[in-house]
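The values are calculated or read from the model by the stated rules, or taken from the named source; none is laboratory data. Predicted model, so just to flag it, every value in this text is computed and none were measured. Because the Cβ atoms are built from the backbone with ideal geometry, glycine has one as well, and the counts that use them run over all protein chains shown.
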Amino acid sequence: MPRFDPASVTELNRVGLLAELPGETLTKLASRMERQDIEPGQPVVLEGEEGNHFYCVLSGVLAVSNVGGLGPRRVLRPGDYFGEVALAMDVPRTASVTALTAVTVASCDRETFDEFVKPLFVDKH
């Protein structure tokens, strides 16, 4: 089994959404987010599958697509994130995400997402 390689605070701080977190919280989150390298052409998530991880793009470019869609719906770059819809709304993946280049992502499980990230999506008004 590969060694768990946590994301760094510096890497996560580049993700606009997570930059809102206080430093101590971001440090805790970083220690629970696992870095993962993905080869070009490899899918990271597939539309319709159960969503159990939240991802932040650290390097590389990924395409977001839907079944029946014409080409990529959008492109994800470093600082972007995905996987939050399936976790926040408890629904299957709403799109597929595939690496266009060599990619490094950081991901966390549902428990970590619920604790640290989900509150950022709650309306603050």
Inside the range 6-30, the number of residues satisfying the requirement of being assigned to a helix (DSSP H, G or I), surrounded by 13 or more Cβ atoms within 10 Å (Cβ to Cβ) and touching a residue at least 24 places away in the same chain (Cβ under 8 Å) is 7
Do we have any residue at all in the range 15-38 that's at pLDDT 95 or above and over 22 Å from F116 (Cα atoms)?
yes
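Only residues that are of a type outside the set (A, V, I, L, M, F, W, C) and within 14 Å of Y55 (Cα to Cα): list them for the range 14-30, please. Give the steps one after another, and end with the answer.
So in the range 14-30, the residues of a type outside the set (A, V, I, L, M, F, W, C) come out as 14, 16, 20, 22-25, 27-28.
The answer is R14, G16.
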Output the residues belonging to the range 28-50 that are in contact with a Cys (Cβ under 6 Å, 6 or more places away or on another chain) and more than 23 Å from A102 (Cβ to Cβ).
R32
By residue number, the members of the range 79-93 that are surrounded by fewer than 16 Cβ atoms within 10 Å (Cβ to Cβ) and assigned to a loop (DSSP other than H, G, I, E, B) are D90, V91, P92
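When the range 43-60 is examined, which residues are found to be touching a strand residue (DSSP E or B) at 6+ places or on another chain (Cβ under 6 Å), of a type outside the set (S, T, N, Q) and surrounded by fewer than 20 Cβ atoms within 10 Å (Cβ to Cβ)? Talk me through it step by step, then tell me what you get.
Initial filter on the range 43-60 (touching a strand residue (DSSP E or B) at 6+ places or on another chain (Cβ under 6 Å)): 43-47, 53-60.
Checking which are of a type outside the set (S, T, N, Q) leaves us with 43-47, 53-58, 60.
Within the range 43-60, P43, L46, E47, G60 qualify.
Every residue, every condition in (1) under 15 Å from the mean Cα position of the chain (by Cα); (2) free of Cβ contacts under 8 Å to residues at least 24 places away in the same chain; (3) not in a loop (DSSP other than H, G, I, E, B), yes or no:
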| site | (1), (2), (3) |
| --- | --- |
| G41 | no, no, no |
| V44 | yes, no, yes |
| G51 | yes, no, no |
| F116 | yes, no, yes |
